[in-house]
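Reading through the structure tokens given below for one structure.
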Amino acid sequence: MPPLPGAEMVRTPLQLYRYLLRCCRRLPSASMQQHYKHAARQSYKAHGDEDDPQRIQQIIKRAIEDADWIMDKYKKK
């Protein structure tokens, strides 16, 4: 199950970035939120020059899977 409803609607890097920020808001502590917001921002900037649509979709799929794992990890604590 995706960490938030709407994961299947993410198609562009900007939509992914906004989705990841919404996921961050659901984390339990402010320090975790800041850590993962920073990581999302850095990844967004690092992949900003990517222009291959197939690679972009691969990155989006992996980022959503990673967000799901992180949300499950902290949900169990």
Just the number please: accessible area per residue for the chain, 1.4 Å probe, all protein chains included, in Å². 74
Compute the acute angle (0 to 90°) between the alpha-carbon long axis of helix 53-75 and the principal axis of greatest extent of the alpha-carbon atoms of the chain; round to the nearest 10°. 0
Report the extension gain between ASP68 and GLU50 in nm, rounded to one decimal, defined as 0.36 nm multiplied by the number of residues separating them, less their alpha carbon distance. 4.1 nm
Within the accessible area of the chain, what % is carbon and sulfur when the probe is 1.4 Å and the other protein chains stay in place? 54
Within straight-line cross-link reach of LYS61, aspartates and glutamates at Cα separation under 12 Å, skipping those fewer than 8 residues along the same chain: GLU8
Per-residue HN-Hα couplings for the range 14-20, Karplus 6.51 cos²θ - 1.76 cosθ + 1.60 at θ = phi - 60°, whole Hz, x for Gly and Pro? 5, 4, 4, 4, 5, 4, 5
I'm a student and want to see the number: the projected area of the Cα convex hull of the chain, averaged over all directions, in nm². 4.8
Quick one: angle between helix 30-46 and the longest Cα principal axis of the chain, in degrees between 0 and 90, rounded to 10, please. 10
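About its Cα centre, how strong a charge dipole does the chain have in debye, to the nearest 20, once Lys and Arg get +1 and Asp and Glu get -1 at the Cβ? Intermediate values should be presented prior to the final figure.
Working: 15 positive and 9 negative charges, 104 e Å.
Roughly 500 debye, rounded to the nearest 20.
The values are calculated or read from the model by the stated rules, or taken from the named source; none is laboratory data. Just so we're clear, the structure is a prediction, and the values are computed from it rather than from any experiment. Every residue, glycine as well, gets a Cβ built from its backbone with ideal geometry; the counts of neighbours run over all protein chains shown. Each accessible area value is taken on the protein alone, full model and side chains, heavy atoms only, with ligands, DNA and RNA left out. Shrake-Rupley method; radii C 1.70, N 1.55, O 1.52, S 1.80 Å.
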